[in-house]
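Worksheet for the structure shown next.
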Amino acid sequence: MTNIIECEHLCHAYGKRVIYEDLNFTVPQGRIMGLLGKNGTGKTTTINILNGYLKPLSGRCTLFGEDCNRLSPHTKQRIGLLLEGHVQYNFMRMDQLEKFYKPFYPHWNSDIYHTLISKLKVSPRQTIGSMSNGQRSQVALGVVLAQEPELLILDDFSLGLDPGYRRLFTDILREYTTATAKTIFLTSHIIQDMERLIDDCIIMGYGGIIMQKSVKELMSQCHRYSFEWEGDALPQASELYASERLLDNRVESYSFLEEADMQSLLSSLAGGRTIATRKSPALTLEDIFIGLTGKY
């Protein structure tokens, strides 16, 4: 399968604050890749590097085989970008917006644009700036999809949207990639939306990637366990994530170990004492995200 995005050994910092070191990931053609992480872990930094707006301190990142800092005009036409906040020309009407953008994109699809904006309850003469945030976001999505890009890059696309518009966005994006085998790379703080939309997931921590798996693998392999644990120090092992003390001597941990292996690990950490574990029912993607990154 062809990789549309390839990032190798990326390192970036702002002054003395290192964002990440030796960051590596790929995004295959036709997949929806979600980049998840807490504030400050480098999600928007990565978006800016992909678009050539920011040059990493070291490492290499390519889109369609071209270096992100030297993309040709032809390759730029293959990429649709929707930045956080849906930046637009607010003084324009919807028809003026199309007339402005259309000449830049030889594969512009007016049917896609008009199908999306036809759902808006607005006057044809109304300017973009006078619309609600949800309506403006729908116009922005129409502009991006009408370009018929082979790769969509979306930074926090659901910011400020109500549940209805968020559901509309995710449904349209899922249908778009399913029907056309296009590729999407996106970030969002609304994990519930990501669970419904993405195929694969990169979970960022402070300093680099914690986990990269398909959503199906994450949700079938990650478990939450609770157990009795004596002493002030929490159990420490590379197989345990986000261990947290609950009431009394109860401790909660996340792990990719199955229950028997988890009990064996805890027993060895407890000096041979038998540790009974209780596994929680199926987890959501948000549960797993918090379990791998911690609550705070």
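Any idea which of Leu57, Leu63 is at pLDDT 85 or above and either in contact with a Lys or Arg (Cβ under 7 Å, 6 or more places away or on another chain) or crowded, with 17+ Cβ neighbours inside 10 Å (or both)? Break it down into steps so the answer makes sense when it comes.
Working: Leu57 fails: either in contact with a Lys or Arg (Cβ under 7 Å, 6 or more places away or on another chain) or crowded, with 17+ Cβ neighbours inside 10 Å (or both).
It is Leu63.
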- State all residues of the range 111-150 that are of a type in the set (Ser, Thr, Tyr) and over 28 Å from the mean Cα position of the chain (by Cα); if no residue qualifies, say none. Ser118, Ser123, Thr127, Ser130
- Does any residue in the range 47-70 that is β-branched (Val, Ile, Thr) come within less than 8 Å, Cβ to Cβ, of a residue that is open to solvent by 30 Å² or more (accessible area, probe 1.4 Å) six or more places away or on a different chain, and which pairs are these? Ile47/Leu83; Ile49/Lys55; Thr62/Glu6
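Just to be sure before I move on: is Ser238 of a type in the set (S, T, N, Q), farther than 30 Å from Ile79 by Cβ and not in a loop (DSSP other than H, G, I, E, B) in the structure I sent?
Working: of a type in the set (S, T, N, Q): yes; farther than 30 Å from Ile79 by Cβ: yes; not in a loop (DSSP other than H, G, I, E, B): no.
For Ser238, the condition - of a type in the set (S, T, N, Q), farther than 30 Å from Ile79 by Cβ and not in a loop (DSSP other than H, G, I, E, B) - is not met.
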- Message: Could you list, ordered by first residue, the pairs with Cβ atoms under 6 Å in which the first is in the range 76-105 and modelled with pLDDT of 90 or more and the second is open to solvent by 60 Å² or more (accessible area, probe 1.4 Å), at least 6 apart or interchain?
- Response: Arg78/Glu150
- Restricting to the range 131-173, what's the tally of residues that are within 18 Å of Ser110 (Cβ to Cβ), in contact (Cβ under 8 Å) with a residue 40 or more places away in the chain, open to solvent by less than 20 Å² (accessible area, probe 1.4 Å) and of a type outside the set (A, V, I, L, M)? 2
- Query: Restricting attention to the range 241-287, and to residues there that are β-branched (Val, Ile, Thr) and in contact (Cβ under 8 Å) with a residue 40 or more places away in the chain, which single residue is nearest to Gly231 (Cα to Cα)?
  - Reply: Ile275
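The values are calculated or read from the model by the stated rules, or taken from the named source; none is laboratory data. What you see is a predicted model; the values in this text were computed from it and never measured. Every residue, glycine among them, receives a Cβ derived from its backbone with ideal geometry; neighbour counts consider all protein chains shown. For the accessible areas, the whole protein counts, side chains as well, though only heavy atoms, and no ligand, DNA or RNA atoms are used. Shrake-Rupley method; radii C 1.70, N 1.55, O 1.52, S 1.80 Å.
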